[in-house]
Structures are given as structure tokens and as C-alpha cells.
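Got a structure for you, questions after.
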């Protein structure tokens with residue numbers, strides 16, 4: 001039998017232990033597919049004595065992950081510790097620098113240092129694989145890196161955060177408020193005690209940065225992403241979206257425009273009949289648009305130990321088979337800095353929900369401000385009777401009335417200016433709610 | 001610059017010409033990704049003088065595709081002629097036998113001779129790629145061959161024929177009969193003049209045979225597949241399915257059972273909220289179930305020159321990069337003959353629509369026959385008033401009445417025996433309609 005691929009595993013949390021189990025269970029299949037076994041030989045983790053459902057004594061323990069990374073007894077480092085900084089970064093760099101391939105599930109590390117790591121991997125002619133770093137159980141990294149090769153990609157967008165999609169799905173299906181769904185997600189372990197990284201869109205942004213780089217050949221740059229979370233979304237928005245044939249999803253979107261690559265994370269209205277609109281619960285999905293080709297959508301589990309381990313093991317199998325590709329699908333030296341399309345120049349349709357003061361002239365004022373910015377309206381819905389909407393309790397004479405506007409394609413800049421003017425006119429109460437509409 | 005990968009292209013129909021265009025348009029991207037250009041140098045097709053939207057004189061013309069296959073000037077053969085027999089088979093075998101890799105879009109060839117071709121490719125240590133042969137624009141072959149590596153796959157199922165899905169979608173959405181939708185599909189070029197290969201399920205079966213082989217490591221064997229088409233599906237079935245929360249799709253399903261691998265193509269009721277149920281029109285979709293992992297679904301264009309060319313070019317790029325994998329994901333010598341699970345042993349829920357004679361004792365007789373086969377019913381709907389169903393025009397006293405039964409999990413054998421008995425009892429009119437329910 002051929003020599004086994006010997007793995008050093010850094011990180012023994014949910015993902016690390018799932019990798020150990022999956023390599024054991026999948027042993028025969030991996031051997032058949034790769035022509036050689038894949039074996040964990042040494043491990044490293046923060047706390048040695050912690051209770052885990054693996055037999056730790058089967059593996060050599062190495063205290064420092066960076067020492068594990070350069071251990072002569074390992075052929076490949078699997079990094080599933082997480083975090084953009086050390087010890088993860090130092091361990092990954094150490095492995096690559098001594099010519100050992102790396103498999104990592106670390107989205108923060110890739111988003112922050114992806115390009116530098118790719119340069120390092122290529123300099124030492126070793127593989128750097130990270131299928132697990134974006135939409136874990138969905139083979140989107142491989143699809144972007146090795147598939148769709150001749151196609152000019154124009155847009156990639158997806159549901160990349162299971163927590164947010166779970167919350168938005170629960171809100172709609174069970175008619176609950178955001179806060180209630182968030183608490184439920186925390187109870188079920190879908191959301192962290194501090195949920196802001198998920199619900200404010202930052203997790204989605206890290207994953208989008210990686211996918212955009214693969215799709216467009218630009219250096220990973222999370223700083224180029226406009227980010228907005230879902231905490232302002234109300235049931236009234238979901239209801240209005242539903243009536244108009246839309247559903248609200250937190251999407252990460254990267255799109256080629258004349259002004260450069262537009263990268264943005266925000267609540268988005270998508271047509272209900274689009275494949276991505278149907279994705280409910282903690283499931284992830286990514287859609288890829290290419291010139292002249294109907295969209296391709298991949299749907300599957302985005303996170304969790306088992307799904308992430310599945311991606312890690314597939315990456316290991318590629319290394320065992322000797323598959324060599326540049327980390328981001330093309331040589332790092334040929335990747336360009338992102339030419340960032342400013343958010344003000346974003347163009348598309350908008351959903352705007354205002355609480356209009358119920359007095360003469362309000363509608364005319366709003367209409368005038370929109371017209372001044374050359375914004376045309378596809379529809380206007382004004383509701384005096386909103387007991388069911390959950391958004392507010394108006395209806396008494398003089399109390400504010402919800403007005404929902406859907407615009408034809410316009411620019412972010414125009415919408416912002418028009419709404420600023422409307423606010424200055426004091427014809428609305430509170431902040432307007434704005435949700436961008438994504439064509440699909 | 002590195003040496004280009006020189007392509008011999010056999011077949012200049014819709015797909016062949018689309019490959020030429022895509023290689024030209026994607027030239028820079030392919031060079032960046034593969035480190036070398038990919039160039040068509042010689043072509044072969046049935047008729048030289050035919051009008052095509054490519055400049056034929058840019059390529060050397062070779063009359064016989066088998067001569068092209070072994071031409072010393074080419075590095076790889078692209079076979080997009082189609083057909084399980086010659087000239088496609090001879091050309092592919094000729095190329096492999098002289099150690100030239102092959103990319104083919106030919107599902108009939110792969111379904112019939114896939115295992116022998118894989119053996120030949122491995123013996124000569126060359127790549128045989130066929131992403132375009134099953135669900136063209138969806139990277140399912142690569143996902144099964146190189147992804148999900150450690151996972152024990154339990155089931156793969158999909159919408160693999162755009163014509164059938166278009167017809168079923170139109171029937172439901174526009175309330176049209178099967179024949180009307182078929183004519184519409186023919187007018188739009190989605191269906192052939194002789195539509196039986198598509199609508200009777202044979203096209204789906206060829207693709208399923210290829211996917212099942214990749215998923216389960218068994219030798220391709222279309223003879224192991226139970227095949228049933230959609231021509232018996234009526235609007236009454238779609239309506240009843242809709243009311244029960246299901247949608248009817250023509251699925252190809254391959255599933256591991258205790259009795260072996262069950263492979264079947266038939267109209268199937270799937271829950272409306274499943275990702276695959278949402279796929280409408282000519283789009284294809286494939287879902288993969290693995291042990292302990294949430295399902296992964298890939299959705300995209302299944303056919304058409306552009307989508308097929310995209311898959312062919314991605315296969316070429318892998319060859320240009322030197323990626324080497326066994327054609328079916330594991331060495332051909334390790335693939336086993338399909339242990340075919342007999343259809344009689346299929347287990348699942350069933351939808352049964354009967355036209356019951358409207359006279360005393362009919363219901364009791366049907367119930368007794370089902371009970372004798374230990375079939376339990378989840379629901380029974382009997383409709384005296386069916387003017388809207390389009391299935392029949394009963395309602396007059398004594399005329400047959402549609403009865404719709406949904407069974408709990410039972411066996412194909414039990415259902416067939418119970419229905420045969422019911423027919424012998426002469427309590428129903430015509431043939432019962434049976435649609436299997438797929439859990440998802």
C-alpha cells in the first residue's frame with residue numbers, strides 16, 4: 001500500500017473532533033479514491049485535559065501548534081482553531097514556509113491574510129485549501145476554483161450565515177419579532193451569546209470576501225465590503241415583501257460593475273420564485289451568474305462540525321491525490337487589488353418603508369423629494385389600517401401611517417439624498433427603512 | 001509561455017461550436033487559471049459544408065473522427081458527437097488507446113460503455129472527463145468525483161431532464177394538459193419531434209446511471225434502472241399533489257438499501273418545501289444525501305450548447321492543469337457490479353388515484369384489498385364533485401368517482417398486489433394512477 005498522508009491537526013473543538021471521526025469512518029472510501037490512507041498522527045489544542053469524544057492517546061500531543069506545523073512526521077497541517085491572528089496565523093505560515101500543505105477552515109484568517117498566504121503557498125509550491133472557510137458543506141470553493149473555468153463570472157451572491165437565515169425564516173414562518181427569534185437561535189446554539197458578529201453581517205462579509213476573490217481574481221479584501229445587518233428588520237417588512245412577491249434574505253453580493261467590483265452585505269429582497277429565496281432555516285446557498293449562462297445555485301449546510309469536517313476531508317483528499325491548483329484559482333501574482341465600486345453608485349430597485357405624518361401635503365412632499373432625485377416608483381402602498389403589521393400602532397387620526405414604496409432601478413446616492421430631504425421636511429416619523437432589491 | 005493544450009474537436013453541432021466560442025472568449029481566464037492556453041487545432045464533423053457560426057478555416061479539417069483522435073498534433077480529444085455507438089465510441093477508444101485524454105459530453109456512450117472506457121483510460125494513464133454528460137451546467141460530476149470524499153453517500157436524486165420538468169411546470173402553472181405542454185415544448189425546441197426518449201424517462205436514466213456510479217462506486221449499468229415516464233400524469237394528479245403539500249417531478253433516484261442499490265426513474269411526489277421541488281422550467285437539480293450530513297443540492301442549467309460547453313471547457317482546464325483522477329472517482333478495478341435492488345422491494349409512501357365505481361361496497365372492497373397487503377393509509381380523499389380536476393367528468397349517479405389514497409410507507413410489491421386485486425374485483429374503472437412519494 002502507498003504511504004499514508006500524515007495529518008497534523010491543530011484544533012480539537014467541534015470541527016477538529018468531527019474531522020477525526022470522519023477520517024476514521026471514511027477510511028476505506030478515501031483509500032479507494034486517493035490510492036493512499038489519510039491518518040491523523042499528531043494533534044494540538046488549547047487545553048489538553050478537556051473532555052472530548054475522541055481517544056486522544058491515539059495521537060501524539062504537541063503543545064504548540066506552530067511546532068506541530070513544522071513537525072517532520074506530518075505531511076499536511078489541518079488548522080481548525082479559528083481566529084485571524086495567532087496562534088492560527090503563525091501555525092499556517094510556519095507550515096507553508098517549510099513546504100507543508102495546509103487545509104484550513106478559518107474564514108477570518110483567509111479574509112484578513114488570504115492573499116499573503118496564497119503568495120507564501122505558491123512560493124513554496126504547496127497547496128492551501130479552504131473549502132470549509134465559506135459555506136462549509138457546499139462545494140463552492142472548488143466550484144469557483146476549478147469549475148466554470150471558461151466562463152466570465154458577473155455576480156456571485158449567497159446566504160452565507162445560517163444564524164441570520166434561521167432568524168429571518170422563523171420571523172416569517174412563525175410571525176415572531178427579531179428579538180424573539182434571536183433568543184430562540186441562542187437557545188438552540190445557532191447564535192452566540194454575543195450575536196453581533198453574525199446578525200450585523202460581519203461573518204457573511206468574511207465569507208463573501210473569500211468567494212469574491214475566487215470569482216473575480218481580486219485580492220481578498222474585507223475592507224472593500226459594505227456591511228449592514230438584519231437587526232432593523234421587522235415583521236412589517238417581511239409582510240410587505242411577501243405581498244409584493246419577495247422574501248427578505250441577508251445576502252452577501254459581489255458583482256462586476258463598470259465602476260469596479262461591488263461587494264456588499266445587507267438585507268435583500270429577492271423574488272420568491274428564485275432558488276435562493278426558497279432556502280429556509282440555517283441552510284446556506286450560493287448562486288453564481290456567468291455571462292450567457294443560466295445561474296448555478298448550490299444549497300447545503302453552511303456550518304456545524306460535521307459539514308465543516310466534510311469539507312476539510314475533501315480538501316485533504318485532493319492533497320492526498322496530488323491535485324495542485326493556485327489557492328484562489330489563479331496565480332497570486334496575477335491577482336489584482338479590488339477596484340472598489342463605491343456603495344453610493346450601487347444601482348437597483350429599493351423598498352422603502354416610511355412612517356408618514358398623517359396631515360395634508362405629506363404625500364406631495366415625499367413625491368417631490370423622490371422626483372428631484374429622478375426616482376420613479378413602481379408601487380406605493382399606504383396603509384391606514386395596520387393592526388396586523390406589528391410595526392406600529394397608528395390609525396388614530398394624526399398618528400403616522402406606514403407608506404411602502406418600491407422604486408424602479410435608481411442609485412443608492414439618489415435614495416439617500418431623497419430620504420435625507422424627506423427627513424429634513426419633517427413629514428415622516430423615525431428613520432426610514434430601506435431594503436435593496438436584488439434582481440434574480 | 002507554456003505550451004498550449006491542443007484540442008481536437010469531434011462534433012460541430014450546437015455544443016461543438018459553443019466550445020469553440022467559449023475557448024476563444026475565455027482565453028485569458030483559462031491562461032491565468034491553467035498556466036497555459038487551450039486551443040482548438042483540428043476539427044471533425046459529419047458534414048463539412050454546413051453553415052455554422054464559426055470560422056472553420058481556422059482549424060484543420062479531419063474527415064474521420066477516429067483519425068482525429070490519434071492525430072499526433074492534438075493533446076486531447078473533445079467528443080461532442082453523441083450516440084452510444086460509432087463513430088463516437090471508436091474515436092474515444094482510439095484516443096485513450098494512444099494515451100490521449102478525452103473530454104466527452106456523451107451520456108449515451110458513458111451509460112453504455114462507461115466502465116470499459118474507464119478501464120481503458122486508466123490502463124493508458126490518461127484522463128477521461130465527462131462533466132457535460134449529466135446535468136450539463138451543474139458541476140455534479142466533479143462534486144461526486146472529488147468532493148464529499150469522506151462521506152458515505154446514501155442517496156442521490158435529481159431532476160435530470162429539462163424537457164420533462166418544463167412540461168410538468170407548465171402543466172401546473174398554466175393548468176394545461178400534458179399533450180398541450182409537450183407540443184409547446186416542441187415548438188420552443190425543448191423537446192424533439194419524437195419526444196419519447198425524454199418523456200419516457202430514458203434520458204434521465206442514462207444520466208442517473210452515470211451519477212449512481214460516481215456516488216456508489218458501482219459499474220455504470222443503465223439496465224439496472226427501473227424506468228417510468230411522465231406521459232400518464234394528468235392535471236388531476238398535480239392538483240391532488242398540490243393540495244397535499246407535494247409537487248410532481250420526474251426524478252432519477254439512486255439509493256443504497258439493504259437489498260442493494262435501488263435505481264429508478266419515475267414521476268415522484270416531493271414535498272413542496274424541498275429545494276428540488278422549487279426547481280421549475282427546463283432547469284435541472286441534483287440532491288446528494290450523505291450519512292450524518294444535511295443534503296447538498298445543486299441547481300442549474302441542464303442542457304443547451306452554452307451550459308454544456310461550460311462543462312466541457314472546465315474539464316479541459318483540469319487536463320491543462322494536469323489534474324488526474326480516476327474517471328469515476330476510484331480505480332475502475334475497485335468498482336463493483338451493481339447489486340440491483342428489485343423494484344418490487346422498493347419501500348415508501350404511495351399516491352394512488354382510482355376511479356371508483358359509485359355503488360355500495362366499493363370503498364369496503366378497496367379498503368379490504370389494501371388491508372390484506374398490510375397497507376395503511378395516511379389519507380383518503382373521495383370527490384363526487386370534480387368539475388375542476390380535469391381528470392374525468394363524473395358526478396352523475398353511477399359514474400366513477402375519483403378516490404385519492406396516500407399510503408404510509410409500504411412496498412411496491414404490496415401496492416401492485418393490492419391494486420391487481422382491486423382491478424379483479426371490478427370496483428374501479430380504468431388503470432389506477434400510482435405515483436411514488438420520495439422522502440426529503
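Which distances, shortest first and in nm, link residue B:47 to the matching position in the other copies, using label points set 7 Å out along Cα to C-beta?
Ordered by increasing distance: 7.6 nm.
Once the convex hull of the C-alpha atoms of region A:291-382 is built, how many Å³ does it hold per residue, rounded to a whole number?
248 Å³
Another one. Based only on other Cβ atoms within 10 Å, what is the fewest-to-most ordering of A:258, A:192, A:200?
A:258, A:192, A:200
At what distance in angstrom do the alpha carbon centres of region B:233-279 and region A:239-262 lie from each other?
Their Cα centres are 31 Å away from one another.
GNM, chain A, Cα, under 10 Å: largest mean-square fluctuation among A:195, A:267, A:301?
A:195
Average partner chain C-beta neighbours within 10 Å, per residue of A:24-37?
Per residue, the average neighbour count from other chains is 4.
Another question about this same structure. Over the whole of B:327-336, what's the average partner chain Cβ count within 10 Å per residue? Rounded to a whole number, please.
Per residue, the average neighbour count from other chains is 2.
Tell me, how many Å apart are the Cα centres for region A:155-211 and for region B:131-208?
34 Å
Give the angle, between 0 and 90 degrees and rounded to the nearest 10, that separates the Cα long axis of helix A:305-321 from the longest principal axis of the Cα atoms of chain A.
50 degrees
Under the convention of a label 7 Å out along Cα→Cβ, give the distances in nm from residue A:35 to the same position in every other copy, shortest first.
Output for residue A:35: 1.8 nm, nearest copy listed first.
What per residue convex hull volume, in Å³, comes out for region B:152-208 when only alpha-carbon positions are used?
In region B:152-208, the Cα hull volume divided by residue count equals 89 Å³.
Could I ask something else about it? Going 7 Å from Cα along the Cα-Cβ axis for the label, what nanometre distances separate residue B:423 from the same residue across the other copies?
7.2
Please compute, for the alpha-carbon atoms of region B:66-169, the extent along each of the three principal axes and give them in descending order in Å.
47, 36, 21
Hey, any idea what the orientation-averaged projected area of the convex hull of chain A's Cα atoms comes to, in nm²?
22.1 nm²
For region A:233-324, what does the equivalent ellipsoid look like in terms of its semi-axes, each the square root of 5 times an eigenvalue of the Cα gyration tensor, given largest first in whole Å?
With the √(5λ) rule applied to region A:233-324, the semi-axes are 30, 19, 12 Å.
When chain A is modelled as a GNM with alpha-carbon springs shorter than 10 Å, which of A:244, A:109, A:144 fluctuates the most?
Judging by the Gaussian network model, the answer is A:244.
Still on this structure: I need A:230, B:428 ordered by Cβ neighbour count within 10 Å, fewest first.
The fewest-first ordering by Cβ neighbours comes to B:428, A:230.
Hey, another quick one. How big is the Cα convex hull of region A:171-234 in projection, averaged over all directions, in nm²?
5.4 nm²
What share of Cα pairs, in percent, lie more than 29 angstrom apart in region A:145-300?
16 percent
Mind pulling the angle between the C-alpha long axis of helix B:412-424 and the longest principal axis of chain B? Nearest 10 degrees, somewhere in 0 to 90.
Result, in degrees: 50.
Give me Rg/Rg_expected for region B:328-373, where Rg uses Cα atoms only and Rg_expected = 2.2 N^0.38 Å with N residues.
Compactness ratio reported: 2.21.
Something else: On C-alpha positions alone, give me the angle between the axis of helix B:178-187 and the longest principal axis of chain B, in degrees, nearest 10.
Value to nearest ten degrees: 20.
Which value, in nm² and rounded to one decimal, describes the direction-averaged projected area of the C-alpha convex hull of region B:118-186?
Seen from a random direction, the Cα hull of region B:118-186 projects 7.4 nm² on average.
Choose one answer from B:353, B:57, B:383: the residue with the largest mean-square fluctuation in a GNM of chain B with alpha-carbon springs under 10 Å.
For chain B, modelled as a Gaussian network with Cα springs under 10 Å, the answer is B:57.
Once every Cα of region A:300-348 carries one equal point scatterer and solvent is ignored, give the base-10 log of I(q)/I(0) from the Debye formula at q = 0.23, 0.24, 0.31 Å⁻¹, two decimals.
-0.87, -0.89, -1.08
Additional query: Consider the operator that turns chain B into chain A: which B residue has a Cβ nearest its axis, and what is that gap in Å?
Taking the axis that maps B onto A, the answer comes out as B:278, 2.
Hey, what did chain B get for relative contact order, percent, Cα under 8 Å, at least 6 apart?
That works out to 16 percent.
What is the average number of partner chain Cβ atoms found within 10 Å of a Cβ in B:305-317?
Neighbouring Cβ atoms belonging to other protein chains average 4 per residue here.
Now for a separate question. Using every alpha carbon pair in region A:15-104, what percent of pairs falls into each 10 Å bin from 0 up to the bin containing the largest distance?
16, 48, 32, 4
For the protein assembly as shown, take every pair of Cα atoms, bin their distances at 10 Å starting from 0, and report each bin as a whole percent.
Histogramming the protein assembly as shown at 10 Å steps yields 2, 12, 20, 23, 20, 14, 7, 2, 0 percent.
What FRET efficiency do you get for residue A:408 and residue A:173 if R0 is 30 Å and r is their Cβ-Cβ distance, rounded to the nearest 0.05?
About 0.50, to the nearest 0.05.
If we count other beta carbons within 10 Å of each Cβ, what is the order of A:310, B:314, fewest first?
B:314, A:310
Coordinate-derived values only; no laboratory data. Values in this document were obtained by computation on a predicted structure and should not be read as measured data. When we count neighbours, we look across all protein chains shown, and the Cβ atoms used for this are built from the backbone with ideal geometry, even at glycine.
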